[in-house]
Amino acid sequence: MSLKKKYINRDKSWLQFNARVLQEAADKKTPLIERMRFLGIHSNNLDEFFRVRYASIRRMSGLKGKKIMHELGGYTANELLPELTDLVIDQQKRSQEIYDSLIEELRENEIFMIDEKSLTASQQDFVRKYYVEKISPSVFNLILSPERAFPELKDKSIYLAIKLENKKELENPVYSLIEVPSELNGRFVILPKYGKHYIMYLDDLIRFNLNYVFFIFKFDQISAHTIKITRDAEMNIDDDLSKSFLEKIQKGIKDRKQADPVRFIYDRNIDEDVFDKIKKGMGLTQYDSLIAGGKYHNKKDLMKFPNVGGPELEFGSHEPVAHPDLDMDHSILSVLDKKDVLLFLPYHSFSFIIRFIREAAIDPKVVSINISLYRLATESRIISALINAAKNGKTVTVVVELQARFDEENNIKWTNRLRAEGVKVIHGVAGLKVHSKICWVRKVDQGKNKDYAIVGTGNFHEGTAKFYTDYHLLTADKRITKEVRKVFDFFKSNYKVYKYQHLIVSPHYTRGGLVRLINNEIENAKKGLPSGMILKMNSLSDLDLIDKLYEASSCGVKIKLIVRGICSLIPQLPGISENIEAISIVDKYLEHSRVFVFTNGGEPKYYLSSADWMRRNVDYRVEVSVPIYSKSIQNQLKDHLNIIWSDNVKSRLHNQEQNNAYRKISGTLVRSQEEMFNYVLKSSKKNQLV
């Protein structure tokens, strides 16, 4: 069987995930403003796709060989690129259709998007004043001239491509570019309410005021069309031994801003001479994805679309549920002396993680705190707690991953802040990204060491904790804390490779560990013993592990896959994957948790993990999967997975057709994220009553 028939190309599968985001934007059961925001998420996802994946495949253009074709699921790069572009163009078209329909629905709710041509006299006065007072100081006018090099355009920005003409005097046109400074007060300007609500794009506000921008030029006609560039986000780390790793990352960030373009989006109504001038100036080639669009680009800004209507236009908010084992009156560490605790975000509050570190920071018996950090909030309370610990005399060691894509500058900022406060900072392991989510605390009580640990599926990030579903295991179980300590020892002494009996750790042991667990299910199935797997993750694209799942399926092992994003495995292939079912949940929260359950002959093994089943996570990152030994927590996870698997509202099928068909299950409608909140709420109340 050919690779194309046996696997789904990971990039095509990822685009199908983004199509599921579009489905949410089109779903009339989703609140109106949230549908606009889903359009923004779709656009933001596409930006990252082009900056990372499309750019990576583009670099493979011209290369041949079995290794490349295996990596791309049976495609050459030159075959794949145009197919990906076609898929993107179709999605962009669908996105525009959805956008147009949402604009109509906004009108039905007395919310009007207006442009520079439809302003009333009083609105014109407001827009002029708004421009002069708030926008004009940040507007930079880049006049294009053959005497000067073409300006470097930012890949996170949109530009107005301007053409000034004076047809009376028949002078040569003046061409210019203006960056739309949306970071000031956002992309959307809310106009004074006159019985109805009015919102205007900042682009259009600038268009209305172009006479003020170009007042020194003589022109009788002006046009302004939006363009957007996406650049290759690959960071090249040079091998100059005289530079520190921090210096190399800083140089890489600077170089990225001038990287090759991989996508150019433009208003299809742009004048041909303006279009040609920009293409020539930027050196765009046939390998770049040139996409004609509508008047407005950077729809990622819709992620912050303002709600000027009623609360019914947004998702109802769920306040985090009180955790039945934790409260403000008891020490978290003392609770962990008696039992393991599972935090389930965002249903529980991330504040318990902060409290754990703050408690360790002031406990006189705590001597050291170690933590690995991949992504952090812009204003991180985790950092504040760690600095507090250092000032209280604790030995604080922080592993900061400087290569966390698009978070490099933020992580450099925190590195400098931590070091200035006396915190020891380690920048991971050469050649590997540290993606694990772990914390280890040592306490000395009457001369005896007592260790505590957190092992999670998501980042220690207050912001994403509000809308990512993630687990964090808090434990004092010696079997786990001892091995979490070994991981931190590895960070400090990379030349030592430690052995683990309980944790499954990348890059040395994850592949082998997962294969052994799958083989165990295969053997049990052959013996007639209970067998099966439930695997929840973000992405499944490692072809060797997929082959292992195919083998298990062919031996009669029942496998349930809950894969939010990329799924290169094809379920229900005759003779190959007939025993595999696969779904994706896309809803209000981003399903981010990774949970692996192996039936193990009737004594199930449960794991939480930071790792997806992708080659990079298995072989080229430091990842940690932790076993769950608490029967109580195992039961919670079993219930959670049963709720997710019963979803018949927001679940879609992974299938060979890649059509994102909604999964049909007869009976009561189950929207798993709502049911999950109810489950966590009931569990809390039940425990309180007991």
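The values are calculated or read from the model by the stated rules, or taken from the named source; none is laboratory data. Every value quoted in this text rests on a predicted model; they were computed, and no experiment measured them. Note: ideal-geometry Cβ built from the backbone for every residue, glycine included; neighbour counts use all protein chains shown.
Please work out if VAL626 is crowded, with 17+ Cβ neighbours inside 10 Å, in a helix (DSSP H, G or I) and touching a helix residue (DSSP H, G or I) at 6+ places or on another chain (Cβ under 7 Å). Spelling it out, it is not the case that VAL626 is crowded, with 17+ Cβ neighbours inside 10 Å, in a helix (DSSP H, G or I) and touching a helix residue (DSSP H, G or I) at 6+ places or on another chain (Cβ under 7 Å). Of (1) in the same structural domain as ARG263 (by TED's automatic domain parsing); (2) touching a residue at least 60 places away in the same chain (Cβ under 8 Å); (3) within 22 Å of ASP301 (Cα to Cα); (4) in a loop (DSSP other than H, G, I, E, B), PRO181 satisfies all except one. Which? Here PRO181 clears every test but (2). The residues in the range 397-456 that are part of a strand (DSSP E or B) and of a type in the set (S, T, N, Q) can be counted, and the count is 2. For VAL423, indicate whether it is among the hydrophobic types (A, V, I, L, M, F, W, C) and in contact with a Phe, Trp or Tyr (Cβ under 6 Å, 6 or more places away or on another chain). Criteria not met by VAL423. With the condition kept exactly as written, say whether any residue in the range 473-488 is part of a helix (DSSP H, G or I), farther than 20 Å from ALA360 by Cβ and not aromatic (Phe, Trp, Tyr). Yes, the range 473-488 contains a residue that is part of a helix (DSSP H, G or I), farther than 20 Å from ALA360 by Cβ and not aromatic (Phe, Trp, Tyr).
Quick one: is ILE382 within 21 Å of VAL624 (Cβ to Cβ), in contact with a Phe, Trp or Tyr (Cβ under 6 Å, 6 or more places away or on another chain) and modelled with pLDDT of 95 or more? Criteria met by ILE382.
Of the residues that make up the range 573-588, is at least one more than 21 Å from THR475 (Cβ to Cβ) and in a helix (DSSP H, G or I)? Walk me through it before giving the result.
Quick first cut of the range 573-588, residues more than 21 Å from THR475 (Cβ to Cβ) only: 573-588.
Filter once more, so that each one left must be in a helix (DSSP H, G or I): none.
Scanning the range 573-588, I find no residue that is more than 21 Å from THR475 (Cβ to Cβ) and in a helix (DSSP H, G or I), so the answer is no.
Of all the numbered requirements in (1) part of a helix (DSSP H, G or I); (2) among the hydrophobic types (A, V, I, L, M, F, W, C); (3) in contact (Cβ under 8 Å) with a residue 12 or more places away in the chain; (4) in contact with a helix residue (DSSP H, G or I) (Cβ under 9 Å, 6 or more places away or on another chain), LEU63 misses one, and that requirement is (1).
Filter the range 530-549 down to residues that are in a strand (DSSP E or B) and over 19 Å from GLY458 (Cα atoms), then give me how many there are. Even if it seems obvious, please write down each step before you answer.
Applying the first criterion (in a strand (DSSP E or B)) to the range 530-549 yields 533-537, 540.
Cutting the leftovers down to over 19 Å from GLY458 (Cα atoms) gives us 533-534.
Here the count works out to 2.
Confirm whether GLY565 is in contact (Cβ under 8 Å) with a residue 24 or more places away in the chain and in contact with a Phe, Trp or Tyr (Cβ under 8 Å, 6 or more places away or on another chain). Working first, answer last.
Numbers: in contact (Cβ under 8 Å) with a residue 24 or more places away in the chain: yes; in contact with a Phe, Trp or Tyr (Cβ under 8 Å, 6 or more places away or on another chain): yes.
So GLY565 fits the description; yes.
Let's see how each residue does on (1) in contact with an Asp or Glu (Cβ under 9 Å, 6 or more places away or on another chain); (2) more than 21 Å from LEU333 (Cβ to Cβ):
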residue: LYS413; (1), (2): no, yes
residue: ARG419; (1), (2): no, yes
residue: VAL425; (1), (2): no, yes
residue: LYS433; (1), (2): yes, yes
residue: LYS443; (1), (2): yes, no
residue: ASP470; (1), (2): no, yes
residue: THR475; (1), (2): yes, no
residue: ARG479; (1), (2): no, no
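Taking residues in the range 133-145 that are under 9 Å from GLU179 (Cα atoms), and partners anywhere that are polar (S, T, N, Q) and not in a helix (DSSP H, G or I), the pairs with Cβ atoms closer than 9 Å and at least 6 places apart or on different chains are VAL139/ASN209; ASN141/SER176; LEU142/SER176.
Table: residues versus (1) part of a loop (DSSP other than H, G, I, E, B); (2) closer than 30 Å to GLU48 by Cβ.
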site: GLU83; (1), (2): no, yes
site: GLN92; (1), (2): no, yes
site: ASP100; (1), (2): no, yes
site: GLU105; (1), (2): no, yes
site: PHE112; (1), (2): no, no
site: ASP115; (1), (2): yes, yes
site: GLN123; (1), (2): no, no
site: ILE135; (1), (2): no, yes
site: ASP155; (1), (2): yes, yes
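Just for the range 70-86: of the residues that are in contact (Cβ under 8 Å) with a residue 60 or more places away in the chain and crowded, with 18+ Cβ neighbours inside 10 Å, which one is nearest to LEU3 (Cα to Cα)?
Step one: of the range 70-86, the residues in contact (Cβ under 8 Å) with a residue 60 or more places away in the chain are 70, 72-75, 80-81, 83-85.
Now drop any that are not crowded, with 18+ Cβ neighbours inside 10 Å, which leaves 72-73, 75, 80-81, 84.
Numbers: LEU72: 9, GLY73: 6, TYR75: 9, LEU80: 14, LEU81: 17, LEU84: 18 Å.
The qualifying residue nearest to LEU3 (Cα to Cα) is GLY73.
Would you mind finding the one in PRO306, PRO324, PRO320 that is touching a Phe, Trp or Tyr at 6+ places or on another chain (Cβ under 7 Å), within 30 Å of LYS682 (Cβ to Cβ), part of a loop (DSSP other than H, G, I, E, B) and at pLDDT 80 or above? Give the derivation first.
On the way: PRO306 fails: within 30 Å of LYS682 (Cβ to Cβ); PRO324 fails: touching a Phe, Trp or Tyr at 6+ places or on another chain (Cβ under 7 Å).
The unique qualifying residue is PRO320.
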